[in-house]
Structures are given as C-alpha cells and as structure tokens.
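**Student:** Have a look at the structure that comes next, please.
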Amino acid sequence: MNTRKQEATLERLAARHGKRLFRAMARHESRGLTMDRAQDMAMNLMMKDEDLRYRMLRFVDVYPALRSQASIAEHLEEYLTAGELETGVPPTRLSDLARSIGRHRGITQPAIAMASRLGIKQMGNQFIAGNTPGEVARKVSKMEKRGFLFSLDLLGEFVVSESQADDYQRRYLEMIEDFEDELGPAPKQPAAGPRMNLSIKLSSQTSKFDPMDPEGTSRDVRRRLRPLFRAARKKGAFLNIDMEKREFRDLTLRIILDLLDEEEFRGFPHIGTVHQAYLRDAEEVLQGFLAELSKRNQPMTIRLVKGAYWDSEQIWARQKGWQVPVYTDKRETDACFERCAEILMKNHKVVRTAIASHNVRSIAWALALKKAYDVPDTALEFQMLFGMAGPIKETLRDMGHPVRIYTPCGELIPGMSYLVRRILENTSNESFLRQRFTKGASPMTLLANPKLPPRPEWAKPANMGKGAVK
C-alpha cells in the first residue's frame, strides 16, 4: 500500500485498534498494593528523577565488580554524592536524600550494602525469570496457565574462550532436550508453532565472532549450531537467532543462510531471526534477506524489534569515527518499524511476523496491516519482555492474539548488561511506557502517526483526556 488513500485507510484502522487497546488496557492496570505495583512505583520514581536514574544506573553497571560490603557502600556513596552529572539535570529532593545517606556511610554502611544487594536482586527478579531450570520452569508454567507463550534466552552469552563456547552449547542443548519435561503437560495455547522456543546469540558459539573473518566465523559457529538444530528437529523445538550490535548483523544473517544451505537443514521450518528497525538501512537489508528466503523457499519467523543497543551503538560509532548507524530521533525509528512491519505483512506467504513492541501505536499499526493484507492468524504473533508491560500483554491475550514473552534466565551478575539495557529502555525519556504512565500523555498523542511531523501544541484538540478515546 503506497497511495494516499490506502495510507489513510491504514491510519483509520490503526486509530480504531489503538483506541480499543487503550480502553481494554485500563481494566488490567494494577490496583492496590501488590508486588507488581510496588515494582512499578519504584520504576516510576526512576523515570521521574533523571538525576537519580543516571546515578543508580552507573552504580548498577559496576556492581558485579564489587566484592565487599565496604566497596559497595563506598561506590554507592561516590555515585550518589558526585557533582552534577553531564546531563545537567539538577538534583531533586529524592536524590538529595540519597546523597545525605551516602555521606553518612560510616553509620549506615551495613544497611546501605544490604539495601543495594536487595534492590539490585529485586530489579533482577523483575526482568530475569531465574537461574536454575526449576526456577525458570515454575515462572514459565505460571505464564502458560495465564495464556502466554515463551521464548527462553540464556544470559551472560559473551564468551572469551572456546571452553566457554562449548559450555554455552551444552546449556542450550540441555534446554532443548530437557526443559519441556520440567514444564510438564502443555496447556491449550493459540496456534503459534512449537511450545519450546529458545533464543540464541551467535556470539556465544565462538570466542572469535569476527566480522573481518566471515568464512572462519561462519565455519566455527555452524559447527556448534548443527547439534542444536539436530536436537531441535528431534524434539520439535523452535530456535530463534538473536541480533546483537550492528557490527555483527550482516555476519549473523550470512551464517543463518549458510546453515540453511546445508542439505541437512534445508527447509527447516522452526527457525527465526530478529530485525532491528532503529538501523538506518533496516528496510534495504530486510528486503534483501526476504529475497534470499524466497529464492530458497525457506520458511522463517522474523521478530521485528526497534533495538536495545541504541546508546552503545552511538558510542561505538563515535569512538571509531564511523557514521552513527541508528536513528537518533525515536519518531524515525517508530516510522521505520511501521514500514518494516508492512514489508513483512506483504510477504506473509514467505515469513511469519513477530511484532516485538510495548508501544500501542506500533501494535495497532500491525493489527491494521493484518486486516489490510489479509494476514492469517497463524502468520502473526506479538512478543514482549518478561517483567514489563503487563496490561498490554493481557489485553492482546484477551483479544485472542498469540503473545510470547521473551524470558531471560541465568545468573544475575552475568546478566547485568541485559538488566541495565532493560532499565534504560523502560525509563528512557521517549519510551512508550514513560510517556504513558509517568508523563500521562493522552492516547491521542501516543497514537499519532510517527511518519508525520508532530503537530504544534496550538493545533492539538482541546480534549486530550480519557474522553477523547471513543
């Protein structure tokens, strides 16, 4: 669809779906003092207090290296009492209180250390399902009973030796072969492929994931992937190849195609990968990859995301003197996400689409495309992160759409980088969750077309509250 009339039709459909989603979400928002509500309140404090947010994230980032009660207290004091940060955000009453506590660490050192450990552990519990297979299975079983699907992600995937890569391969194999037995009988779920779904980062399969050596890297990674694919085929499991930083993307796509060109795995249906819409060349690369899949008649599921490495991609590029590969305006990312979603929906006979977003506008746009392109129910699912956006998940589930929860598992310390990315995403100035629940942006504002420039305040309708949603 590319004419103005067709675009207008999609906009009307998206607005209708978005308003319906917002009305339904209101019924699922937390009431009373529950653990989820307490976690939401703590996250809202971090969203509102920019100064404290940056200080705490800097502390969380170094926490894995702190071994003693004294070092924890000392570092927390340093980060809380340091001068004004580069953001230029003035301190608030909350950060002033935190600074005051930090200055008296001689008295409060044991309490500070204990509170820090408990606080970081609680944040980990919100975003990470557990460490042992038993812990994870209990949480996944609860999710399934509530009508959700899952995709497991083993954290701490960065490896520096071949023995570590062997260990990750072993852990993935154990997950494929044994985890479904931990879960027990499967409840009735929407038709969305195999029950067992595992996300894999290819950098965990070799200590030398080197884009400058594509042939050698592909050879090493495929050597470890083959047993995983064989086990998945035998057990009826689904393998999703995750995306990492931009530098690894093209090599990751090459390795996927190299493996699927092998006669043993040609046509394997239970495989997926990820496409990141915050990259400036996202549409061009997606079109090229779909052409390769079509040429091979290869089924595939593509998880469309906006991207979780936005901060680090800019830092890496500037350090190396490269052009920044990501959009720096969130509206541009959202617009690219919608264009990529349309490319995928047009090609629903080639690929299944997994819309991975907590943004109601993005979800509503996908639902509009589904209707416009007559996409079968089995060719679309929605994916969201463990520990986030409960009302949106529950609303889509109630509407009968398959909702898969991306479920990280593993130790907290190796998973710390994941934890920091999730907190950054959840509390960023432009995140949907912050705009919706902290800044109180209206549904009309949140459902605005990102492909158009924002309207000036004087041009917006006067009624921007709940009454605007019909």
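The values are calculated or read from the model by the stated rules, or taken from the named source; none is laboratory data. From a predicted model like this one, the values you see are computed outputs, not experimental measurements. Cβ placement follows ideal geometry from the backbone for every residue including glycine, while neighbour counts extend to all protein chains displayed.
**Student:** Within segment 141-193, how many residues are under 22 Å from Ile271 (Cβ atoms), acidic (Asp, Glu) and within 22 Å of the chain's Cα centre (by Cα)?
**Tutor:** 2
**Student:** Please indicate, with yes or no, whether at least one residue in segment 203-219 is out of contact with any helix residue (DSSP H, G or I) (no Cβ under 6 Å at 6 or more places or on another chain) and either touching a residue at least 40 places away in the same chain (Cβ under 8 Å) or outside the structural domain of Gln383 (by TED's automatic domain parsing) (or both).
**Tutor:** yes
**Student:** With Arg195, Arg226, Arg222, Arg233 as the choices, which residue is in the same structural domain as Val160 (by TED's automatic domain parsing) and in contact with a Gly (Cβ under 9 Å, 6 or more places away or on another chain)?
**Tutor:** None of the others qualify; the one that does is Arg195.
**Student:** Also: Among the residues of segment 277-291, is there at least one that is out of contact with any helix residue (DSSP H, G or I) (no Cβ under 6 Å at 6 or more places or on another chain), touching a residue at least 60 places away in the same chain (Cβ under 8 Å), over 21 Å from Glu332 (Cβ atoms) and buried (at least 22 other Cβ atoms within 10 Å of the Cβ)?
**Tutor:** No, the conditions are met nowhere in segment 277-291.
**Student:** When segment 197-225 is examined, which residues are found to be closer than 18 Å to Ser161 by Cβ and in a loop (DSSP other than H, G, I, E, B)?
**Tutor:** Lys201, Thr206, Ser207, Lys208, Phe209, Asp210, Asp213, listed by residue number.
**Student:** Any idea how many residues of segment 142-192 are part of a helix (DSSP H, G or I) and farther than 19 Å from Phe382 by Cα?
**Tutor:** So the count comes out to 22.
**Student:** A further question follows. Which condition does Phe127 not pass, out of (1) touching a residue at least 40 places away in the same chain (Cβ under 8 Å); (2) surrounded by fewer than 18 Cβ atoms within 10 Å (Cβ to Cβ); (3) within 19 Å of Lys393 (Cα to Cα), if it passes all the others?
**Tutor:** Among (1) touching a residue at least 40 places away in the same chain (Cβ under 8 Å); (2) surrounded by fewer than 18 Cβ atoms within 10 Å (Cβ to Cβ); (3) within 19 Å of Lys393 (Cα to Cα), Phe127 violates only (2).
**Student:** Restricted to segment 194-212, and to residues that are under 22 Å from the mean Cα position of the chain (by Cα) and charged (D, E, K, R), which residue is surrounded by the most Cβ atoms within 10 Å (Cβ to Cβ)?
**Tutor:** Lys201
**Student:** Condition first: out of contact with any Pro (no Cβ under 6 Å at 6 or more places or on another chain) and farther than 27 Å from Asn131 by Cβ. Can you find one or more residues in segment 193-210 that meet it?
**Tutor:** Checked against the condition, which is being out of contact with any Pro (no Cβ under 6 Å at 6 or more places or on another chain) and farther than 27 Å from Asn131 by Cβ, segment 193-210 yields at least one hit.
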